[in-house]
Amino acid sequence: MSVKCPKCNSDNPPISKFCKKCGTKLPLPEDISTLPTGHLKTAMKDLTRGSTFAGRYEVIEELGKGGMGTVYRVFDKKIEEEVALKLINPEIAADKKTIERFRDELKIARKIAHRNVCQMYDLGEEEGTYYITLEYIPGEDLKSFIRRSRQFTPETALYIARQVCEGLAEAHSLGIVNRDLKPGNIMIDKEGNARIMDFGIACSPEEKGITGNGVIIGTPEYMSPEQVEGKRADIRSDIYSLGVILYEMVTGKVPFEGDILLSIALKQKTKVPKNPKELNAQVPSDLSRLILRCIEKDKERRYQTPEELISELTKIEKGILAAEREIPKRRLEIKLNKFLKYGGAVIILILLIVAGILLIPKHREPINSIAVLPLENLSGDPEQDYFVDGMTDALITELSKIGALKRVISRQSVMNYKNTDKLLPEIARELNVDAIVEGSVLVIGEKVRIAAQLIEARTDRHLWVESYERDLKDIFDLQSEVARKIAKEIKATMTPEEQIRLGKFTPVNPDVYQLYLRGRFFWNKRTEKDLKKAIEYFEEAVKADPDYALAYAGLADSYQILPEYSSFPSEEAYQKSNEAALKALEIDESLAEAHVSLAANKHDYEWDWVGAEREFKRAIELNPGYATAHFWYAYHLVHLARLDEAIKEIKRAHELDPFSLVINRWVGTVFYNAHRFEEAIDALQMTLEMDPTILNIHMMLGLTYLAKSMYEEALAEFQKEKELRGRWHPRIEACIGITYARMGKRAEAAQVLEDLLERSKKADFIPYYLAHFYFALGENDKGFELLEKASEKLRRPLSSLKVDPLLDGVRSDPRFAALLRKMGLE
């Protein structure tokens, strides 16, 4: 099946990247198995996980597709180890001369035995399908690293480039040129070493190689001008490609881009690239000069051998290291001059000790804070987003359980960086963290594969990278293992209890777990419709597995907040939330989320202040980095009038989840209840800048203006809240009426009151706000009557009674103190 050019409509071979007629970039074929070659079609169809190819290679997974063919990770039953298997595309394999030349060149390529080159094994044929076997290297390709990091530090780029160059030098010593050097063909293994993956289209400098029949093999963005012209390639062509890779590593971009082959080819031949330093000021001048020399148009002006380039790379590396040590060296010289004035053996001894300390290589700064960026969905299927986001949440939760980590940024804040183009150091600065964790998730049938890496924010240096694969039923084990590996890498000391919690896991039914993840996906959206959808998924999970604690915790969380986003009856929500939380803790006492839901219910509906505090503290003990626990604990403390403690807890929640709109709003709410109105206004206005559509933000700002007797401003904010909600809301109407009453506009206030009384039977929390209204009108007897009524049944709104600024005018009334005693707040 040919590929149609979207511009000129001409047919092209399936493996073509650019139209042979007009040069336009072609769309990639959706399924390589549709190629017009029966042998390959059959082979590709059979290459599913667990199948065996050529009677020898058991397929583990597909690693990727390229112009040469499709690569698989397989288990070689004969030698009993994993290898990579590349099936050669039929367009290339169809020419027998090409295969013969391929076989001859592979004989040479097999001789390359170097730590920075992937070992080639053999060329074989099975029922008309040609294939190559080569060393399997677990890790991640350089292109992926560049995409994630955007720009490497000069040290990192030099380190990788030198290793690649050493691999090229070994190949060159055997007379081999790669001709398709690019980041996608360079792997970074688990030890952080660069490995050149594909000498599959390599050739001797004396040969023209295996291109032919109008098929271009190579990647235009990395091809030297002579390759673009179809001239013979030599080692200087590989040096050109390496120069382009270096350029991309330090700037995040290739020198020349374009949508059609001709435009890229013309740029490679004629256009002068920008100096890398213009795109990244951190690139040293000597490194910029080296890169630009590598990508000279005239190959005679480039470095002529890999050895020559290695020498320059090493020199620049040493220069950077010397510069880093220059400041301590100068300090040492100053100390030396001062100390020598006084002489004496003791002084000299002290000086030597100081010098030794100053010249010891600096150790890595301690890592106390981490952000887990949204993991990448490698499946390409948006339907899998819920699962990948769930993995991000799970890793955040596991790391949050480690007390030695002072801050693990919460989900809502990191989700702001999903699909972002921001550089990692910039993200780290915005979140104020020492390190970033990022990675990807791929679900294949009943298997899940997670690749993760830890990056030091200050240096943009990769500290650790690992890839894991597990059965879905062992997903909790996988999540804990990743967290333990990161903790070990950053030298975070875990308590025995933390070690037990991170090592504790139970196999889970994959179908049930996916129901749970779907529930959490909708729970995080925080709308009435989505919360009800979340409850449906959690209930399905519980029905499928009555002993699944996480699903009960999800139900408890959903019902706990449902009344805030809907007209769902508070009493019914409380009953359902409490029942689910207790069930979750009966199954697994270590679930911090369930403890928080239980604590919130004790606070809002039972007025069990001691019990609520016990549950909040237990949740924080189990998961010190759980922002929601600190947020709700602040909510608890402010209502007990323990205001300094409340401010400390809400600030802690904000540190853990700086972009959470709800937490930002509650920073202002805590200051409001603490009667620190100017700070409340500042915090609420900052939240408005983040999102002016968040519910209750205009309400809180209006209340704060009301407390400061800024009545016109208060009315404007209440009106904005009313418009934002798009429907009548009793609390908003009550606040508008209270404002009119305090302004002395009795007629307007009376009209609002009449409307409220007309509708009062339909809202379960109206008595509390009606009481405020009557107090504003000076009808205190009616106000206290309504507060008593609210205290008998609808307890939640009364939780703020002790600190509510709207009640400041009636605090001296004995009935107010009596009500506080009844609630256990005095």
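For Glu61, list long-range residues whose amide hydrogen, built 1.01 Å from N in the peptide plane, is under 5 Å from its own amide hydrogen.
Residues meeting the amide H criterion: Arg73.
Quick one: which of 297-306, 167-176 comes out on top by average Cβ neighbours within 10 Å, and what's the full order, highest first?
167-176, 297-306
I need to check one value: relative contact order of the range 538-582, counting alpha carbon pairs closer than 8 Å and at least 6 residues apart, in percent.
With pairs under 8 Å counted, the relative contact order is 37 percent.
Just to confirm, what accessible area per residue do you get for the range 78-155 at 1.4 Å probe, in whole Å²?
I get 45 Å² per residue for the range 78-155.
DSSP loop chymotrypsin sites (Phe, Trp or Tyr not before Pro) in the range 710-779 with at most 14 other Cβ atoms within 10 Å of their Cβ, which ones?
Passing sites in the range 710-779 are Trp728.
Going by amide H atoms built from the backbone, whose H comes under 5 Å of the H on Ile88, apart from near neighbours?
Amide H neighbours of Ile88, under 5 Å, 5+ apart: Tyr130, Tyr131, Ile132.
Using a Cα-Cα cut-off of under 15 Å, which aspartates and glutamates could be cross-linked to Lys651, ignoring same-chain neighbours fewer than 8 residues away?
Within the straight-line cut-off, Lys651 pairs with Glu679, Asp682.
Taking the Cβ of Val596 as the center, what net charge do the other residues with Cβ under 13 Å away carry, scoring Lys and Arg +1 and Asp and Glu -1?
Spelling it out: positives minus negatives among the neighbours equals -3.
Restrict the search to the range 689-734; then list the trypsin sites (Lys or Arg not before Pro) that DSSP places in a loop and that have at most 13 other Cβ atoms within 10 Å of their Cβ.
When the trypsin sites (Lys or Arg not before Pro) of the range 689-734 are filtered for loop state and at most 13 Cβ neighbours within 10 Å, Arg727 remain.
Arranged from highest to lowest average of other beta-carbon atoms within 10 Å per residue, in what order do the peptides 562-569, 155-162, 472-479 appear?
Ranked from most to least packed, the peptides come out as 155-162, 472-479, 562-569.
Considering only protein heavy atoms and a 1.4 Å probe, what is the carbon-and-sulfur percentage of the accessible area of the range 508-600?
Here it works out to 47 percent.
What GluC sites (Glu not before Pro) does the range 63-145 have in DSSP loop regions with at most 16 other beta carbons within 10 Å?
Qualifying residues, ordered by number: Glu80, Glu127.
Can you find, among Ala457, Val437, Ile475, the residue sitting farthest towards the positive end of the charge dipole of the range 436-481, where Lys and Arg contribute +1 and Asp and Glu -1 at Cβ?
Toward the positive end, the furthest listed residue is Ala457.
With a 10 Å radius around each residue's Cβ, average the other Cβ atoms per peptide and rank 750-760, 391-401, 572-582, highest first. Mind dumping the intermediate values first?
Values: 750-760: 14.4, 391-401: 23.5, 572-582: 19.7.
By packing density, highest mean first, the sequence is 391-401, 572-582, 750-760.
Could you tell me which of Tyr131, His114, Val74 has its Cα farthest along the dipole of the range 54-150 towards the positive end, charges placed at Cβ (Lys, Arg +1; Asp, Glu -1), taken about the Cα centre?
His114
Quick one: how many lysine pairs does the range 680-826 have with C-alpha atoms less than 24 Å apart and a gap of 8 or more or different chains? Give me the count, please.
Going through the range 680-826 pair by pair, I get 24.
The values are calculated or read from the model by the stated rules, or taken from the named source; none is laboratory data. This structure is a prediction, so every number in the text was calculated from the model and none was measured. In this analysis, Cβ positions are derived from the backbone assuming ideal geometry, glycine residues included, and neighbour counts consider all displayed protein chains. Protein only, heavy atoms only, side chains kept; ligands, DNA and RNA dropped before computing areas. Shrake-Rupley method; radii C 1.70, N 1.55, O 1.52, S 1.80 Å.
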